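The values are calculated or read from the model by the stated rules, or taken from the named source; none is laboratory data. Treat the numbers as computed from the prediction; the structure is a model and nothing was measured. So basically every Cβ, Gly included, is an ideal-geometry build from the backbone, and we count neighbours across all protein chains shown.
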Amino acid sequence: MDFESNYDIAATAEFIRTHKFTRVALQFPDDLLKDSTRLVRVLRKKLHSLRESDATDIGLYVMADTAYGSCCVDEVGASHINADCVLHYGHTCFSPTTSLPAFFVFGKASIGIADCVESVAQYALENNKPIMVLFGLEYAHSIQQIRTALLESSTSCRSDISFADVPSPYMFPSKDTKKLNGHQEAVCGCSDDSDSGGASGTIFSIGGLTWKLPEGQSMEDYSLFWIGHDNAAFANVVLTFNACEIVRYDATKNQMVTDLSQQRRILKRRYYLVEKAKDANIVGILVGTLGVAGYLHVINQMMELITSAGKKAYTLVMGKPNPAKLANFPECDVFLYVSCAQTALLDSKEYLAPVITPFEATIAFNRGSQWTGAYVMGFGDLINLPQVQDGNEEEARFSFLKGGYVQDFENQENVEGEQEDLALANATEKALQLRDNCNILIKGDAKSGAEFFANRTYQGLSIPDENTTPQPFVIGRKGRAAGYEDENNKH
């Protein structure tokens, strides 16, 4: 496939010309950065052919390293150059933007049409449920060909196979946080004609893909056929529709993968992290995005949820998290990662503390809530969840991990009434652990970061305060550690 077709040069130039953008930011992941200079040169040449008079006034700026996940639109980086829009290249989570319009270039990965059609038809014949075909966005260019070839080769099962709609390559900012789970406009209808009409039904959306089920049907009635790689987008599908039978077609190897036991174990791991989060006293909220619409609403919602559960919360902004960064905050018992749907699942086995998602936090910190098996990844569905009801925080609960009853800290409103000079001492006294052979009662270790810091053995450098008068400055040594200039022994 030629360069201009792979990067949709013509459609990109037309998008810029139609909306009269003059400052355009181009966002590349690391693996596509090698093509950035050539792409800018080809795109500028195409713009000259469309607008010969003022094409030179259009500024194209390449953004290489993003502060957060490369799948999200980097509106913060684009705002540094006062960009009018962002051209996003490569894999994307299709999360809604807050302030800037975006144009997505998914790329066009190669796929064997005939082999894929044969795999879909064979799976449909062996399955007694209708099939819903989902796919990675890099294969969106070939879905219409696959559907046409499937209708021609296996007419007997065509009514049992439905395809998700290809998302529109452009996106405009979403201001209404209550409608963040709404789907984007589709550029082509890949579903059956019976489903595309005005009949009532349920619309599903995930990772930019949308499809509609007839009234009275649910996703549990379908089997999912995924075309694409085993990546974050596929993990999002597995967790969201964990009650459905799912198979994956690997286009690079031209074979079907039916063993998804590794992906199924993710749910068990996430449930274990939820149980650990219930015993946490200090929660660190990691800001994993500054561009996805609704992230501030979710952070405030999580802050209210944590404080209502009688725990302490800190908001941390550090870009892409890693074990070394989070190790600087050992007082946090658990971290809550507010990010897009496809980067929220961090494998926290190497971290000192578990990292959970906002949906898992609603289960862990809402007293009396239970996990029904449903899983929510996107901001839209999470924002529309019912408001948390305050429970009885003084009542002890049973901890499955500690094997005893745990009494959470009191609500912070009760602590504010204490005297300021005695608050830290009283909280430290309450942090002691009490154990009895008959009735086990466990209380947490620390209630705040300040208390944790006060109980540390090493508290950093201490400046003596005996002599408070200004002191003259001292000239330090010159040279290298191997041999300073004032040393007598020089080699």
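Here are some notes:
- Tally, over segment 274-298, of residues that are surrounded by fewer than 18 Cβ atoms within 10 Å (Cβ to Cβ) and closer than 18 Å to Gly373 by Cβ: 1
- Of the listed requirements (1) modelled with pLDDT of 90 or more; (2) farther than 16 Å from Val120 by Cα; (3) in contact with a Phe, Trp or Tyr (Cβ under 6 Å, 6 or more places away or on another chain), Leu209 misses just one: (3).
- Scan of segment 54-65 for residues that are in contact with a strand residue (DSSP E or B) (Cβ under 7 Å, 6 or more places away or on another chain) and assigned to a loop (DSSP other than H, G, I, E, B), ordered by number: Ile58
- Among (1) out of contact with any helix residue (DSSP H, G or I) (no Cβ under 8 Å at 6 or more places or on another chain); (2) within 24 Å of His229 (Cα to Cα); (3) outside the structural domain of Met219 (by TED's automatic domain parsing), the one test that Cys71 misses: (1)
Yes/no matrix, rows are residues, columns are (1) more than 27 Å from Thr12 (Cα to Cα); (2) at pLDDT 85 or above:
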residue	(1), (2)
Cys116	yes, yes
Ile146	no, yes
Tyr170	no, yes
Ser191	no, no
Asp195	yes, no
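- Taking segment 346-376 as the range and being under 13 Å from Tyr271 (Cα atoms), hydrophobic (A, V, I, L, M, F, W, C) and surrounded by 17 or more Cβ atoms within 10 Å (Cβ to Cβ) as the test, the residues that pass are Val355, Ile356, Phe359, Ala361, Ile363, Ala364.
- Residues of segment 94-106 classified as within 14 Å of Ala140 (Cα to Cα) and modelled with pLDDT under 90, total: 1
- Those residues of segment 120-136 which are modelled with pLDDT of 90 or more and either polar (S, T, N, Q) or under 30 Å from Gly77 (Cβ atoms) (or both), in sequence order: Phe135, Gly136
- When segment 76-101 is limited to residues that are crowded, with 17+ Cβ neighbours inside 10 Å and aliphatic (A, V, I, L, M), the one that is nearest to Pro173 (Cα to Cα) turns out to be Leu100.
- Evaluating Trp371 against the criteria (1) in a helix (DSSP H, G or I); (2) at pLDDT below 80 leaves one unmet condition, (1).
- Taking the criterion of being assigned to a helix (DSSP H, G or I) and aliphatic (A, V, I, L, M), the residues of segment 308-358 that qualify are Ala324, Leu326.
- Every condition in (1) within 30 Å of Gly378 (Cβ to Cβ); (2) assigned to a helix (DSSP H, G or I) is met by Cys71 except one, and the failing one is (2).
Matching residues to (1) at pLDDT below 90; (2) closer than 24 Å to His91 by Cα; (3) aliphatic (A, V, I, L, M); (4) within 28 Å of the chain's Cα centre (by Cα):
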residue: Tyr7; (1), (2), (3), (4): no, yes, no, yes
residue: Arg44; (1), (2), (3), (4): no, yes, no, no
residue: Ser49; (1), (2), (3), (4): yes, no, no, no
residue: Ser53; (1), (2), (3), (4): yes, no, no, no
